[in-house]
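> The following block contains the structure, expressed as structure tokens.
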Amino acid sequence: MEMDEVLEQVLAYAVDEAKTKLIEMGQFEPFTIVVENDNMHIESFPGDYDTLRNDVRDQVKTASSFASHYVFCYDGYIDTSEGTLDAIIVECAERDQEEAYAIAQIYTVDESGDGGMTFEDGLAYIGPAEMFFDADIVAKAEADEFEAAQREMERADEQAKAAEMLKRLQAEKDE
């Protein structure tokens with residue numbers, strides 16, 4: 001599993017935000033972070049898990065034409081050989097991946113009853129997750145971006161030729 005630097009940074013930000021809210025309030029609303037260029041768009045999703053998952057899927061699908069990365073973060077649990085463990089779950093992906101990653105930040109609630117929490121060192125890779133980016137929309141957006149880049153290169157080439165022609169005409173006039 002290899003993430004690019006942007007996804008690593010957004011993942012770390014999401015986990016830090018979730019930890020802070022868990023420590024301060026004992027819970028947090030599931031949220032997404034959608035990355036567009038240098039901007040992060042954060043949106044919370046209250047409600048039951050199935051409804052919010054559909055809402056997140058729709059939000060990311062809509063962003064498929066312009067977003068480069070997304071993170072979906074929620075409080076959940078993972079089943080392990082040691083039993084069921086509380087975890088901050090993060091599903092995240094880059095636009096050109098086939099599958100998203102599911103990552104967990106495992107934590108325990110102190111049994112003293114004071115609401116204190118202990119977070120495991122490091123994140124745990126759970127496995128692949130459902131990709132919320134729409135592959136058809138992404139492919140069309142990438143084709144559109146390629147065409148726009150080609151047009152821009154052609155325009156720059158035409159401008160360079162026009163500047164060269166003006167330079168030659170000026171040189172002839174000065175002779």
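> What is the residue count in region 10-23 for residues that are surrounded by 12 or more Cβ atoms within 10 Å (Cβ to Cβ) and either over 16 Å from the mean Cα position of the chain (by Cα) or not in a helix (DSSP H, G or I) (or both)?
The total comes to 4.
> Another one. Please determine whether any residue of region 61-81 is among the polar types (S, T, N, Q) and out of contact with any Asp or Glu (no Cβ under 9 Å at 6 or more places or on another chain).
Looking through region 61-81, at least one residue is among the polar types (S, T, N, Q) and out of contact with any Asp or Glu (no Cβ under 9 Å at 6 or more places or on another chain).
> For region 83-96, give me the residue count where each residue is crowded, with 18+ Cβ neighbours inside 10 Å and in a loop (DSSP other than H, G, I, E, B).
1
> Also, I was wondering about something else. Does any residue of region 61-82 turn out to be more than 12 Å from the chain's Cα centre (by Cα), assigned to a loop (DSSP other than H, G, I, E, B), modelled with pLDDT under 85 and surrounded by 14 or more Cβ atoms within 10 Å (Cβ to Cβ)?
Yes, region 61-82 has at least one match.
> Restricting to region 24-52, name every residue that is in contact with a Phe, Trp or Tyr (Cβ under 8 Å, 6 or more places away or on another chain) and assigned to a helix (DSSP H, G or I).
Listed by number, the residues that qualify are Y49, L52.
> Within region 87-110, can one find any residue that is within 18 Å of F31 (Cβ to Cβ), out of contact with any Asp or Glu (no Cβ under 8 Å at 6 or more places or on another chain), of a type in the set (F, W, Y) and touching a residue at least 60 places away in the same chain (Cβ under 8 Å)?
No - not one qualifying residue is present in region 87-110.
The values are calculated or read from the model by the stated rules, or taken from the named source; none is laboratory data. Note that this is a predicted model, so its numbers are computed, not measured. Counting neighbours? That spans all protein chains shown, and the Cβs are built from the backbone with ideal geometry, glycine included.
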